[in-house]
Amino acid sequence: MGSQFAPDTADGWSVLHQFFHVDWQGLRGVSEHELGELVRPLTEILTRYELYSDRGQSAAFHILGATGQLLLLHFRPSFDECAQIELSLAQLPISRFFTPAHSFVSVVELGMYHTSKKIIQTLQEQGLTPHSDEWREAYKAKIEPHRENLHERCYTEIPDRRYISFYPMSKRRGETYNWYAEPLDSRAQYMMEHGMTGRRYAGKVQQIISGAVGFDNWEWGVDLFADDPSYFKQLVYEMRFDDATSRYGDFGDFYLGIRLKSTGISQYFSGVLPEFQAP
């Protein structure tokens with residue numbers, strides 16, 4: 001099977017990661033009453049979107065290190081609604097103490113390598129001309145039921161875990177190893193093996209992949225959620241030995257965060273990390 005076939009994807013939530021530096025010294029200069037007034041509107045927004053619904057969801061995290069102290073993660077039905085929450089937050093009085101440090105724009109994505117491969121093989125066996133009108137119509141009729149079966153997973157909730165690890169990644173396009181020059185059969189096999197590694201951490205780590213091709217500088221964003229951050233290290237390390245990663249994976253910066261519930265936002269901006277209330 002030739003490399004000209006692109007595997008299909010099932011797409012869901014539009015996703016916006018917002019990373020901010022916080023002016024902690026500036027916040028120390030305001031009175032306790034003023035701090036409460038600054039924090040209250042942010043708490044209200046986070047409370048409104050903390051629970052999963054068809055409107056989407058938002059979550060806050062403290063990011064360790066110097067790359068940005070606050071992450072606001074938003075899942076929304078569309079990029080228009082991502083833009084609206086971005087604008088709404090920018091209008092808050094407390095936003096003058098936030099400096100944008102980084103961002104990532106993407107959509108929740110589930111790969112359909114093996115499904116695409118089987119459908120393409122079937123259409124080839126039927127003698128249809130690749131990419132013809134007849135081919136596209138037959139392909140769509142076969143792929144859509146599979147995409148519909150993935151709908152719930154594409155519109156997943158933000159896992160209620162204590163820790164998050166976020167990183168962007170792309171598939172290598174080098175002279176020796178070029179992911180996009182590999183036949184679909186090979187790519188499907190690599191991804192199957194890669195997925196088997198991830199499944200060994202079922203119940204320990206929850207993973208949400210989002211596609212960013214055409215939206216950001218990297219091709220995917222990876223969000224890992226766990227109650228024990230040591231699992232992030234174990235999982236990412238083990239995956240480095242998969243061919244899909246060792247030959248074809250390029251990675252950006254990693255960000256480790258701690259979940260902040262809306263009930264603890266006031267305490268957080270007072271300089272105290274709130275306790276995490278497990279579900």
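Principal-axis analysis of the Cα atoms of the chain puts helix 184-199 at an angle of about 40° to the longest axis. Relative to the longest principal axis of the Cα atoms of the chain, helix 133-149 runs at roughly 40 degrees.
Per residue, the chain reaches -11000 deg cm²/dmol at 222 nm when only DSSP H runs of four or more residues are counted, each adding -39500 (n - 2.57). Helix 79-90 axis versus longest C-alpha principal axis of the chain: approximately 20°, rounded to the nearest ten.
Cβ under 14 Å from K140's Cβ, K140 left aside: what net charge do those residues give with Lys, Arg +1 and Asp, Glu -1? Result for the local shell: -3. Compute the separation of the alpha-carbon centres of region 245-279 and region 200-214 and state it in Å as a whole number. Each part's Cα centre sits 16 Å from the other's.
Going down the table (K171/K204; K142/K261; K140/K261), which pairs top 32 Å between alpha carbons?
K142/K261; K140/K261
Database remark: amide H of D8 closer than 5 angstrom to the amide H of M112, S116 (H placed geometrically; neighbours at sequence offset of 5 or more, or on other chains; Pro and chain starts carry no H).
All of the numbers you see were taken from the coordinates with simple rules; none came from a lab. All values derive from a computational prediction rather than experimental measurement. Every residue, glycine among them, receives a Cβ derived from its backbone with ideal geometry; neighbour counts consider all protein chains shown.
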